[in-house]
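Novice: Sharing a structure with you now.
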There are 2 protein chains.
Amino acid sequence: MSTVPGRRLAAADAVLRPVRAGNAFEEAVEALLRTIRLGVVSPGDRLPPERELASRLGVSRATVREAIAALADAGHLTSRRGRYGGTFVVSPAAPTAPLAPETAASLEDVLVFREAVECGAAAAAARAPLDEADKQHLVERQKACAQAADYRPADSRFHLAVAEASGSALLLNAVADARVRANELLDAIPLLPRNIDHSERQHRGILRAILAGNPDSARSAMAEHLEGTAALLRGFLG
Amino acid sequence: MSTVPGRRLAAADAVLRPVRAGNAFEEAVEALLRTIRLGVVSPGDRLPPERELASRLGVSRATVREAIAALADAGHLTSRRGRYGGTFVVSPAAPTAPLAPETAASLEDVLVFREAVECGAAAAAARAPLDEADKQHLVERQKACAQAADYRPADSRFHLAVAEASGSALLLNAVADARVRANELLDAIPLLPRNIDHSERQHRGILRAILAGNPDSARSAMAEHLEGTAALLRGFLG
DNA sequence: TCCTAATGGTCTAGTCTCAGTCCATTGACT
DNA sequence: AGTCAATGGACTGAGACTAGACCATTAGGA
């Protein structure tokens with residue numbers, strides 16, 4: 001009944017899994033780190049007020065404050081009191097701790113998962129009825145990548161925008177999850193300008209297919225795009 | 001910054017989401033109900049011992065016991081003491097409570113999500129290097145559907161087997177999640193023999209494509225299969 | 001027949017988390 | 001200069017949850 005390395009995945013493991021990832025404090029820290037790592041808030045930006053964060057994350061304000069204090073200690077956040085005060089992002093989150101030994105084992109897991117949800121999102125976005133504002137949003141996120149000083153957060157924002165366009169909150173969650181996991185691995189390997197150029201061309205291709213309402217082509221463009229970093233990761237870590 | 005009906009999905013909502021779905025007791029009840037609803041344990045089967053459930057679900061044994069007591073009260077479970085005792089499934093879980101009013105709003109969400117992860121799983125399974133035991137397992141699950149007295153759990157077991165074959169635990173989790181949500185909706189509408197026949201033919205098609213190692217054909221077979229229940233749901237609930 | 005191991009049943013002390021309240025600080029607006 | 005609303009900061013009491021120990025029951029095996 002338990003998970004044994006090398007054993008086939010069992011459905012029971014998927015259902016009888018931990019119902020909570022850790023204590024409330026740890027999960028709050030993770031949630032805040034994700035918002036920084038994925039570029040949802042950029043350095044200099046203000047986080048929502050503590051009371052709103054507490055309600056969003058479903059934890060008490062005391063717990064949110066503990067999490068913020070921990071990240072402030074680590075130098076990622078800083079708080080200012082008073083009206084127009086708040087909690088601000090100081091710097092991009094430091095690279096994740098050195099990769100755990102089980103990285104290689106879970107590498108394929110993450111890559112397969114990411115491929116499934118991101119390709120699904122691209123196809124769904126191409127199928128969804130997008131209004132002008134939606135389309136504009138996608139285009140902006142794509143263009144923002146080209147000028148971004150820090151490429152990876154901008155890249156994540158584009159991919160999240162694609163997931164948003166799918167119209168499914170569940171799928172958006174899954175894509176965000178997949179990207180956090182993939183980024184943890186990608187942080188361990190270098191980012192070359194030449195890869196960025198290539199990636200940019202592929203982004204334009206994905207965008208074109210979505211705007212044209214062509215699901216199959218959006219999916220395969222996304223698959224090709226992901227294959228790039230997948231190969232990179234397999235090379236460095238596999 | 002907050003989620004407003006009709007507003008475009010925002011990435012911040014995907015990242016700053018509740019870190020825990022409810023209290024430990026509720027989540028434990030949900031987890032146990034899922035194992036029954038998805039047919040991971042059948043009527044008459046024994047659940048893992050309380051101590052193991054506690055460790056699996058990441059909650060205390062006291063909480064597991066509360067959850068079991070609640071489900072025993074409802075008539076779904078029964079416990080016996082002593083060695084070779086345990087907690088046993090009495091009957092299939094009763095239909096979910098009447099559908100919440102926001103059902104229609106989330107219907108598309110669930111359907112899009114399910115399509116993405118299940119099609120992704122089918123394609124990944126076709127790509128994965130399956131050994132003889134893996135293939136045999138898939139074939140058995142497909143055949144089991146044809147003879148099952150209760151179709152839906154058997155159907156779920158086949159779909160979960162496909163996700164298992166993908167080799168990605170993350171994807172397996174996502175498929176299990178999607179199915180639980182979809183089943184909650186499907187429980188509200190009738191199941192016709194003629195739909196079952198059709199579904200069975202499609203299962204065989206999916207299986208064939210996976211065994212043949214053809215990802216594209218596995219994906220489109222799965223998409224067609226899902227479209228059937230999607231249309232049914234849209235008709236009854238949309 | 002007795003022993004033993006595996007299981008559910010019970011209890012306790014301690015920690016974590018929460019909801020709510022009130023205080024302190026700040027800067028824009030009047 | 002004064003006011004005020006929005007924010008972070010601090011505290012408390014109550015409840016949830018946990019870890020661990022111990023008890024009670026059962027059926028198979030020595």
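The values are calculated or read from the model by the stated rules, or taken from the named source; none is laboratory data. None of the values given here were measured: they were computed from a predicted structure. Counting neighbours? That spans all protein chains shown, and the Cβs are built from the backbone with ideal geometry, glycine included. The area values use the complete protein model at the heavy-atom level, side chains included, leaving out ligands, DNA and RNA. Shrake-Rupley method; radii C 1.70, N 1.55, O 1.52, S 1.80 Å.
Novice: At 1.4 Å probe size, with no ligands or nucleic acids counted, give the accessible surface of A:L38 in Å², nearest ten.
Specialist: Here the accessible area works out near 0 Å².
Novice: For the stretch A:24-89, what does the alpha-carbon gyration tensor say about shape, rounded, prolate or oblate, given a ≥ b ≥ c as the root eigenvalues, a/c under 1.5 as rounded, and a/b over b/c as prolate?
Specialist: It is rounded, given that a/c, with a ≥ b ≥ c, falls under 1.5.
Novice: How long, wide and thick is the protein assembly as shown, going by the Cα atoms along their three principal axes, in whole angstroms, largest first?
Specialist: For the protein assembly as shown, the Cα spread along each principal axis is 59, 48, 46 Å.
Novice: What value in Å³ per residue do you get for the convex hull of the alpha-carbon atoms in the stretch B:103-237?
Specialist: Value for the stretch B:103-237: 88 Å³ per residue.
Novice: Could you work out the mean count of beta carbons from other protein chains within 10 Å of each residue's beta carbon in A:18-31?
Specialist: Partner-chain Cβ atoms within 10 Å, mean over residues of A:18-31: 4.
Novice: Excluding same-chain residues fewer than 8 positions from B:K143, which lysines have a Cα within less than 20 Å of its Cα?
Specialist: Qualifying lysines at Cα under 20 Å: B:K135.
Novice: Per-residue Cβ counts within 10 Å, from other chains only, averaged over A:52-58: what number is that?
Specialist: Going residue by residue through A:52-58 and averaging, the value is 4.
Novice: Starting from the 7 Å offset along Cα-to-Cβ, what nm value, one decimal, do you get for the label separation of A:R80 and B:L237?
Specialist: Distance between the two pseudo-spin positions: 4.7 nm.
Novice: Roughly speaking, what is the centre-to-centre gap between the stretch B:150-190 and the stretch A:23-73 when only Cα atoms are used, to the nearest Å?
Specialist: What the calculation gives is 33 Å, centre to centre.
Novice: Here is a follow-up. Over the heavy atoms of B:S106, what accessible area does a 1.4 Å probe trace out, to the nearest 10 Å²?
Specialist: Only protein atoms counted, so the area is about 40 Å².
Novice: Tell me the relative contact order for chain B as a rounded percent, counting alpha carbon contacts under 8 Å between residues six or more apart.
Specialist: Rounded, it is 21 percent for chain B.
Novice: Here is a follow-up. Please report the carbon-and-sulfur percent of the accessible area for the protein assembly as shown; probe 1.4 Å, protein heavy atoms only, DNA, RNA and ligands left out.
Specialist: Within the protein assembly as shown, the accessible surface is 53 percent carbon and sulfur.
Novice: Among the complete DSSP H segments of chain A, which ones combine at least 30 Å of alpha-carbon extent along their axis with a mean Kyte-Doolittle hydropathy of 0.0 or more?
Specialist: Those that clear 30 Å and a mean of 0.0 are A:103-127, A:215-237.
Novice: So the label point sits 7 Å from Cα along the Cα-to-Cβ vector; using that for B:H198, what distances do you get to the other copies, in nanometres, sorted shortest first?
Specialist: Ordered by distance, the counterparts are at 4.5 nm.
Novice: A further question on this structure: Using the C-alpha gyration tensor of chain A, what are the square roots of 5 times its eigenvalues, in whole angstrom, with the largest one first?
Specialist: Result for chain A: semi-axes of 29, 25, 19 Å.
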